[in-house]
Amino acid sequence: MADIKFSDAVIDTAGTVVNKCMGLEDAPCMSACPMSTDAKGYVNLIAEGKFEESLKLIREKLFLPNTLGRICAHPCEAKCRRGTEYGEPISIAALKRFAAERADDESLWDLTKADATGKRVAVVGAGPSGAQAAIELARSGHDVTILEKLDVVGGMMRVGIPEYRLPRNIIDHEYTYLTSLGVQFEFGVEVGKDVTLDSLREDYDAVILAHGAHKGSIVPVPGHDAEGVFSAADYLREISLTRSFPRAGKRIMVVGGGDVAMDCARSSWRIGAHAVVQCSLEDDETLPASEEEIREAKEEGVAFNAGWGPDEIYVENGRVTGIRIRRVLSVFDASGRFNPCYGDETKEFSVDTVIFATGQKVEDITSGALEQKQGGRYVVDANTLATSMENVFVAGDAAGTNIVIEAMAYGRKAGLSADRYLTGRTLDDGRDFSREFSYGTKLDVPIPEGTEDLPRLSPNLRDPRVRKRDFDECDTGFSDEQALKEASRCLKCECRLCMRECVMMNEFGSCPKDILDPLVNRGEMDPLLAYSCNGCDNCTIVCPHEFQLKKVFVGSRKDFVAANRGESPMKGHKVIKLHQLLGFSKFFTTKIRGRKK
Amino acid sequence: MADMVTKEKRYGFMPGCSLPSYNPEAVAKTIEFLNATFPHFSAVQKCCGKPTKAVGQYDLFKERFAGLQADMDDMGIEDMIVACQSCFLTLKEASSTPVTSLWALWPKIGFPDDLKGKAADSDIVFTIHDSCSTRYEEELQDGVRWIMDQLGYQVHESKHAKERTRCCGFGGMVVPVNPEIAQKVMVKRVETLEKENVVVYCAACRSSLLKGGAKAWHILDLIWGPVVNEGDDSPMDVLASPIKSWVNRYKAKRGIVHAMR
Ligand SMILES: Cc1cc2nc3c(=O)[nH]c(=O)nc-3n(C[C@H](O)[C@H](O)[C@H](O)COP(=O)(O)OP(=O)(O)OC[C@H]3O[C@@H](n4cnc5c(N)ncnc54)[C@H](O)[C@@H]3O)c2cc1C
């Protein structure tokens, strides 16, 4: 057969299909995950009872499934179609915990590493971003040492997130993955004080700053410098490490409306508070804390004053004795700037302790060598996390992330960049930056026919009256039965609707985009593909874009014929040729004009 | 659909290819009936050329179709009645002569009195398999249902009927090229029909459904043939044998000549 020149109509139609077909688009949950964890995949493996396979799939991306299963802020759930459609997203994070509790085993941990490069990397901070960067680099064969100020691993997961949400033995166990990979730890080393960045740059080939945002902030209202006023960062760190905070009293006011504020309020009960009150500029509708955290705090008896801001802290003999809060009329002004506006209404509380959960900042550990911006975040290249110093990269909250899974994605990013730097490649070598964080998905398909609005499974929480007095975990996790039921709600978001209709396309690829890619990109098409289409249009009927694939498959046949001296290129069509000759032959045809009646 | 039915016009009828190869008697009876209905009537037996077009031989198709057009013109046909959905679409696109589907026509000319309600006592329930090539031709599909109702048969509408019908596996000249795929499509089609007994209005579809494991009748079998009851076997797959098919095709030609006398 001669070279085929496909007609414009065929190429144009195929081009549109390859461009717009949603067959290879990721589910919203997966694309929302900064680490691109295949949530749809592992949830469905749970639904099928394949717990170990589910866990393995999670571990392809995440080294701490049991930790994240408890505390991940789960951006996946915000995009879950069961959520956007019915307000009842799948409990993806909790299912991850289930898979980890049910099936994780050190024997499943992937410890493969590239050959040793002899390059040494220092990672500052043992939080999730530092850990992920270390993993990435150790796997690439580099010699990695994590320098950590504290004596424990986990970063804010350890000294921010309270124990009743995340038992410490889980963090410790999951971090042994790093030691197994050969990552070294040096505890009790504060970079910037015990050792300088300059000396690290001398002693190591590359440095990753992953020291988080640990500097608490205190709003300068009158009385803010009294004894009994603390930042959330200091408060939670001490409680995390010692299960107590001797400098606090018994009546606690927590200022702030985010998850950190909830952690402070709920931790207060556990160290023996008698009364816990909250206030925040944001009102009930706009509280930034997650719904679960708010509900659980309320169950434990935290008194909410959402929409009230701190006005003055009352002080006697240098100690806090109370606080006055004032009604907030608006938080942002007409131009959208943060500019709270207060009314006349006020309330007073007799408290002995005020905790400011109003944001954490990044401490500078470079002695001003690297530029910082709002919140102390370092100025970095958004794609590579490189800094103005050629062997220094920044990861995690120090570079602007806000939650663990984002910090991990930045850890991976910084690790990938450092690896390229260490091996003499350009930083963007072979990378698709868009896949190194959350990304958009084009997937937009109708809800499957017959889908029922099934409710999300609530977590199994201990009695609030009991749990608020100890540090044991609040949530006891799903049973097998619950997990199967919850996982089965997944809508398995994908398009590929045509592939369920068409038999033949399944023999040639995974979706039209996949199948027509060679035609569009190389001008090639298997004639068997073109000649296997029944031209029935069942693909078109179900396609959200109503693509007429027939126009490509059946439409290209005349191009095949033109390239084959006027004949079909398919051997089997000899039969048709004969058939047609007979069908038009005198012997089998006739024409008769009826008589006049 | 062409103009309203009017007895002033000269109608023509062509049975197509698969129908005469399958059931020449039904072709003859249909022609007798139409010839008695219309004062001015002609009959043609020839292929419309769809297979030539489907393999991609457009120039050859044009040439062949011109032959059919010449026959129609020669016979003075002003409106061509067809029993095959591929003929319907091919003529609609390529012919200067208006085309009418036999199935859409029938409700307009009325059903023969002696056949009305003939199957009223039958216990069989048929699923209708619509031809996928005419999935958007509602009038034609409604006509088939009207005929089933006139005959008195019970009908079950499957989820994949009318616009949502599925391919029988025969279309696109796939069978001689990729028989394994075609067979899979046939089985899949039968699986989605919900009932075992199927009525079709395309003889090629009938053959495919038999290959897919269903029992299938052509609607002309039900009109001109004996009443069918639950448990009856459907007619054999004549089209599976090329010899029988061509013998039948020849018989149909003779039958047409006879019926037009
Ligand atoms: C109270 C609280 C609750 C939170 N709850 C959640 C939650 O439920 N879900 C969620 O996804 N996210 C939560 N977050 C956010 C999350 O904890 C952080 O985004 C994440 O831990 C940041 O990771 P990182 O590795 O960048 O920094 P970090 O986790 O902060 O780790 C930095 C590490 O560096 C060490 N370090 C600091 N300075 C130095 C130095 N100079 N030298 C050596 N070591 C140093 C620190 O001790 C720490 O171990 C919460 C944060 C807080 C404060």
Checklist entry - under 29 Å from A:R139 (Cβ atoms), more than 14 Å from chain B (Cβ to nearest Cβ), away from the ligand (no atom under 13 Å from the Cβ) and surrounded by 22 or more Cβ atoms within 10 Å (Cβ to Cβ): does that describe A:A206? => result yes
Checklist outcome for this item: Of the residues in region A:292-336, those that are modelled with pLDDT of 95 or more and β-branched (V, I, T) come to A:I294, A:V302, A:I313, A:V315, A:V320, A:T321, A:I323, A:I325, A:V328
Checklist entry - Just a yes or no: is a residue in region A:175-197 near the ligand (Cβ under 8 Å from one of its atoms), acidic (D, E) and open to solvent by less than 40 Å² (accessible area, probe 1.4 Å)? => result no
Next on the checklist: So in region B:21-49, with the set limited to residues that are over 26 Å from B:P235 (Cα atoms) and either acidic (D, E) or open to solvent by 10 Å² or more (accessible area, probe 1.4 Å) (or both), which one is farthest from the other protein chains (Cβ to nearest Cβ)?
Outcome noted: B:T37
Checklist entry - So which helices (runs of 4 or more DSSP H) stay within region B:149-261 end to end and still have 1 or more residues that are within 18 Å of the chain's Cα centre (by Cα)? => result B:203-212, B:219-224, B:242-259
Checklist entry - Regarding A:S417, is this residue outside the structural domain of A:L62 (by TED's automatic domain parsing), open to solvent by less than 40 Å² (accessible area, probe 1.4 Å) and either over 26 Å from A:M30 (Cα atoms) or more than 17 Å from the chain's Cα centre (by Cα) (or both)? => result yes
Item to check | Selected residue (only one of A:Y410, A:Y439 is of a type in the set (F, W, Y) and either without any contact (Cβ under 8 Å) to a residue 60 or more places away in the chain or within 14 Å of the ligand (Cβ to nearest atom) (or both)) | outcome: A:Y410
Next on the checklist: Pairs please, first residue from region A:292-305 and without any contact (Cβ under 8 Å) to a residue 12 or more places away in the chain, second anywhere and among the β-branched types (V, I, T) and open to solvent by 20 Å² or more (accessible area, probe 1.4 Å), Cβ atoms under 6 Å, 6+ apart in sequence or on different chains.
Outcome noted: none
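Let's see how each residue does on (1) under 12 Å from the mean Cα position of the chain (by Cα); (2) closer than 18 Å to A:P34 by Cα; (3) open to solvent by 30 Å² or more (accessible area, probe 1.4 Å):
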{"residue": "A:T67", "(1), (2), (3)": "no, yes, no"}
{"residue": "A:R70", "(1), (2), (3)": "no, yes, yes"}
{"residue": "A:E77", "(1), (2), (3)": "yes, yes, no"}
{"residue": "A:T84", "(1), (2), (3)": "no, no, yes"}
{"residue": "A:G87", "(1), (2), (3)": "no, no, yes"}
{"residue": "A:A93", "(1), (2), (3)": "yes, yes, no"}
{"residue": "A:A99", "(1), (2), (3)": "no, no, no"}
{"residue": "A:A103", "(1), (2), (3)": "no, no, no"}
Checklist outcome for this item: When (1) away from the ligand (no atom under 16 Å from the Cβ); (2) out of contact with any Pro (no Cβ under 9 Å at 6 or more places or on another chain) are applied to A:T476, the one that fails is (2)
Item to check | Failed condition for A:G212, given (1) without any contact (Cβ under 8 Å) to a residue 12 or more places away in the chain; (2) open to solvent by less than 50 Å² (accessible area, probe 1.4 Å); (3) within 9 Å of the ligand (Cβ to nearest atom) | outcome: (1)
Item to check | Qualifying residue in region B:191-209 (condition: open to solvent by less than 40 Å² (accessible area, probe 1.4 Å), aromatic (F, W, Y) and more than 29 Å from A:T590 (Cα to Cα)) | outcome: no
Next on the checklist: Considering only residues that are of a type in the set (K, R) and near the ligand (Cβ under 9 Å from one of its atoms), which ones fall in region A:137-174?
Outcome noted: A:K149, A:R158, A:R165
Checklist outcome for this item: Quick count over region B:192-219, residues being polar (S, T, N, Q) and in contact (Cβ under 8 Å) with a residue 60 or more places away in the chain, is 2
Next on the checklist: open to solvent by less than 20 Å² (accessible area, probe 1.4 Å) and within 16 Å of the ligand (Cβ to nearest atom): is that true of A:A232 in this structure?
Outcome noted: yes
Item to check | So B:L102, is it at pLDDT 95 or above, farther than 17 Å from A:K591 by Cα and open to solvent by 10 Å² or more (accessible area, probe 1.4 Å) | outcome: no
Next on the checklist: Can you confirm whether A:A73 is within 16 Å of the ligand (Cβ to nearest atom), in a loop (DSSP other than H, G, I, E, B) and within 30 Å of A:P448 (Cβ to Cβ)?
Outcome noted: yes
Checklist outcome for this item: Counting only helices (runs of 4 or more DSSP H) entirely within region A:463-534, those with at least 1 residues that are without any contact (Cβ under 8 Å) to a residue 40 or more places away in the chain and within 13 Å of chain B (Cβ to nearest Cβ) are A:527-530
Item to check | Residue list for region B:127-147, restricted to those being open to solvent by less than 40 Å² (accessible area, probe 1.4 Å) and away from chain A (no Cβ under 12 Å) | outcome: B:T127, B:I128, B:H129, B:L140, B:Q141, B:G143, B:V144, B:R145, B:I147
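The values are calculated or read from the model by the stated rules, or taken from the named source; none is laboratory data. Predicted model only: the values in this text are computed from it and were never measured. Note that each Cβ is placed from the backbone with ideal geometry, even for glycine, and that neighbours are counted across all protein chains shown. What goes into the accessible areas is simple: the full protein's heavy atoms, side chains included, and nothing from ligands, DNA or RNA. Shrake-Rupley method; radii C 1.70, N 1.55, O 1.52, S 1.80 Å.
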